[in-house]
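Take a look at the structure below.
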Amino acid sequence: MSQRGRFITLEGGEGVGKSTNLALVADWIEAQGIEVVRTREPGGTARAEAIRGLLLDADVTEPLEDDAELLLVFAARAQHLASKIRPALARGAWVVCDRFTDATFAYQGGGRGIPAARISALEAFVQQGLQPDLTLLLDMPMQAAQRRLQGRLDRDGEQRDRFEREHGEFFEAVRRAYLERAAAAPDRIAVIDASDDLATVQHRLLAHLQAQVAAWR
Ligand code: Z5A
């Protein structure tokens, strides 16, 4: 039987560069001759992407209740884990995922104010002990990240989604919650300063990834 693959997540607030750097991480692992599955949350499979649509849709007038939002996040995750992440890890592929449960603690916990114990209960139920092996947390001041996000939205002609329309205090609370998670799990979560130019951030990210992969060997 092949050895279980590694599970790597990228985290951080909007606009910090997760999508951009996921490609770098996945390409580097692939260059080591390892099968890589690139995915994202919420989403990653057809049904989970449909749930993502419910979560991000900003045009529906009926407000989405916080508990309903939390349950939708974990419903999408249960589907994603069962039909994509676990099978990939079981055959020895490495999974590189744009956001996972640290985002739930940051957005639904820090941002919405849902008690961490309630999130932990769902985490235990849905994940059955599965955790990322490594989380790369891209961190930078919220206002600079907002400028990057706006640049991307302008470039691609996109509207802000339901989360992207939140106010500054929400995003500050999300960032604080992420940094608290990192302080509580320093062996798993690496905080990467994402405020510099892309080449500098990517150099930092790769240095950390390479050191971690070497330690796993
Ligand atoms: N959510 C939740 O509430 N609970 C959960 O459990 C989960 C998610 C899993 C969708 O996530 C929403 O779901 C998210 C939280 C919620 N809400 N929000 N907002 P998402 O990951 O799809 O959405 P996002 O954070 O908005 O992603 P994003 O806008 O695509 O941001 P990004 O991936 O971090 O950034 P990027 O697209 O790679 O980069 C943004 C721009 O900056 C782009 O033009 C880049 O070319 C540029 N860039 C990147 N790096 C640099 C550097 N270093 N310098 C200069 N410019 C750069």
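The values are calculated or read from the model by the stated rules, or taken from the named source; none is laboratory data. As the structure is a prediction and not an experimental result, all values here were calculated from the model. Cβ sites come from the backbone with ideal geometry, for glycine too, and all protein chains shown count toward neighbours. These area figures cover heavy atoms from the full protein model, side chains too; ligands, DNA and RNA do not enter into them. Shrake-Rupley method; radii C 1.70, N 1.55, O 1.52, S 1.80 Å.
Considering amide H positions built from the backbone, and no H for Pro or chain starts, which residues 5 or more places from residue 45, or on another chain, come under 5 Å of its amide H?
none
Taking 30 Å as R0, compute the FRET efficiency from the Cβ-Cβ separation of residue 124 and residue 207 and round it to 0.05. Numbers along the way, then the final one.
Working: r = 34 Å, r/R0 = 1.12.
Once the sixth-power term is evaluated, E becomes 0.35.
Can you work out the FRET efficiency for the pair residue 216 and residue 176, with r the C-beta to C-beta distance and R0 = 22 Å, to the nearest 0.05? Write out the running numbers ahead of the final one.
Working: r = 30 Å, r/R0 = 1.38.
Plugging the Cβ-Cβ distance into 1/(1 + (r/R0)^6) gives 0.15.
Can you give me the solvent accessible area of residue 51 with a 1.4 Å probe, rounded to the nearest 10 Å²?
Looks like 30 Å² after rounding.
Please work out the average accessible area per residue across the chain, using the 1.4 Å probe convention, and give it in Å².
Numbers: 10500 Å² over 217 residues.
Averaged over the residues of the chain, the accessible area is 48 Å².
If you average the sequence gap of Cα pairs under 8 Å that are 6 or more apart and divide by the length of the chain, what percent do you get for the contact order?
Numbers: 310 pairs, mean separation 68.5, N = 217.
About 32 percent, as a whole number.
Pop a pseudo-label 7 angstrom from the Cα along the beta-carbon direction at both residue 31 and residue 146 and give the gap in nm to one decimal.
3.6 nm
Convert each backbone phi in region 22-29 into a coupling constant with the Karplus relation 6.51 cos²θ - 1.76 cosθ + 1.60 (shift: θ = phi - 60°), then list the ³J(HN,Hα) values in order as whole Hz, x for Gly and Pro.
4, 4, 4, 4, 5, 4, 5, 5
For a quick check: with amide H placed at 1.01 Å from N, whose amide H comes under 5 Å from residue 9's, ignoring anything fewer than 5 positions away on the same chain?
Hits under the 5 Å cutoff: 97, 134, 135, 136.
In whole Hz, what ³J(HN,Hα) sequence does region 173-189 give by Karplus (6.51, -1.76, 1.60; θ = phi - 60°), x for Gly and Pro?
Rounded to whole hertz, the list is 5, 4, 4, 4, 5, 4, 5, 5, 4, 5, 5, 7, 9, x, 6, 9, 9.
With charges set only on the Cβ (+1 for Lys and Arg, -1 for Asp and Glu), what does the dipole of the chain come to about its Cα centre, in debye to the nearest 20? Before the final figure, lay out the partial values.
Numbers: 27 positive and 32 negative charges, 160 e Å.
For the chain, the charge dipole is close to 760 debye.
Which value, in Å² rounded to 10, gives the accessible area of residue 38 with a 1.4 Å probe and all protein chains present?
Here the accessible area works out near 90 Å².
Of the accessible area of the chain, with the probe set at 1.4 angstrom, what percent is carbon plus sulfur? All intermediate terms of the calculation are to be shown ahead of the outcome.
Working: 5550 of 10500 Å².
Carbon and sulfur atoms account for 53 percent of the accessible area of the chain.
Any chance you could run the full-extension gain for residue 72 through residue 162? It's 0.36 nm times the residue separation minus the Cα-Cα distance, nm to one decimal. Please list the in-between numbers first.
On the way: separation 90, 0.36 × 90 = 32.40 nm, distance 1.42 nm.
Value of the extension gain: 31.0 nm.
Given 141, 90, 74, which one lies farthest toward the positive end of the charge dipole of region 61-145, if we put +1 on the Cβ of every Lys and Arg and -1 on the Cβ of every Asp and Glu?
Checking the options against the dipole of region 61-145, the answer is 90.
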